[in-house]
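The values are calculated or read from the model by the stated rules, or taken from the named source; none is laboratory data. None of these values were measured; they are calculated from a predicted model. Neighbour counts run over all protein chains shown; Cβ positions are idealised from the backbone, glycine included.
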Amino acid sequence: MRHTETRYPFPVHDRCDDQCDDRGAVGAWLVIALSLLLVAFLAFLVDGGAAFAARGQARSLAEQAARAGATAVNRESLRGPSPAALRLEPAAADARARQFLAAEGATGEVSVAATSVTVTARIQRRTLLLSALGIDRFTGTGTATATLIQGTNTGDTP
C-alpha cells in the first residue's frame, strides 16, 4: 500500500515559519493560575485556623468572666433560710465580669440576672495573609453563662 498525499481544496501555507510557535502557552497560564489558587487556599487555611482559635479563646474568656461575675454573691442571701434564696449583687457582678474582660484585652456585653451572669466576649485579631485581599481583621465571639448553685450534685451520701 502506498502512502498518498492529502490534497486540500484551499492552499495551505506555513506563514509563521517557526516564529509563531506557541506550544506550551496553555501550560504556563495553568501554572500561574494554580499558583494563585494555592496562595489563596493557604491564606484561607492559615487565617481561617486563626479565626477558629480566636473564637475558642473568646468562648474561654466569656466563661471565665461569667465565673468572675458570679462570685459577687449577696452576703445576706448566704444567710437566707434556704439555698433558693441565693442572689447576686447585680452591680458588683457586672463590674467584676467587665474588669476581667478588660484585663484580658477583650470587649463584650454582660447581663446579670438574680442567679446567673451571661457574658458575650469579643476579641479582635489581625489577619496574616488575607490582608492582601483587603481583609485586615476578624472578630472571635463567645458567649457563656455562670449560674449560682448551692451544694453538690453527686447523689445521696449517708
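For (1) in contact (Cβ under 8 Å) with a residue 24 or more places away in the chain; (2) closer than 19 Å to residue 140 by Cα; (3) surrounded by 12 or more Cβ atoms within 10 Å (Cβ to Cβ), each residue gets a yes or a no:
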| position | (1), (2), (3) |
| --- | --- |
| 38 | no, no, no |
| 62 | yes, yes, yes |
| 67 | yes, no, yes |
| 88 | yes, no, yes |
| 92 | no, no, yes |
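Evaluate region 117-126: report whether one residue or more is under 30 Å from residue 49 (Cα atoms), assigned to a helix (DSSP H, G or I) and touching a Lys or Arg at 6+ places or on another chain (Cβ under 9 Å).
Looking only at region 117-126, we keep the residues that are under 30 Å from residue 49 (Cα atoms), and these are 117-126.
In the following step, the residues that additionally are assigned to a helix (DSSP H, G or I) were identified as none.
Looking through region 117-126, none of the residues is under 30 Å from residue 49 (Cα atoms), assigned to a helix (DSSP H, G or I) and touching a Lys or Arg at 6+ places or on another chain (Cβ under 9 Å).
Taking region 63-82, which residues are over 33 Å from the mean Cα position of the chain (by Cα) and either among the aromatic types (Phe, Trp, Tyr) or not in a helix (DSSP H, G or I) (or both)?
Step one: of region 63-82, the residues over 33 Å from the mean Cα position of the chain (by Cα) are 73-82.
The answer is 73, 74, 79, 80, 81, 82.
When residue 135 is tested against the conditions (1) within 13 Å of residue 68 (Cβ to Cβ); (2) at pLDDT below 95; (3) aliphatic (A, V, I, L, M), the lone failure is (1).
Filter region 1-60 down to the residues that are modelled with pLDDT of 75 or more and basic (Lys, Arg), then identify the one that is farthest from residue 102 (Cα to Cα). The selected residue is 55.
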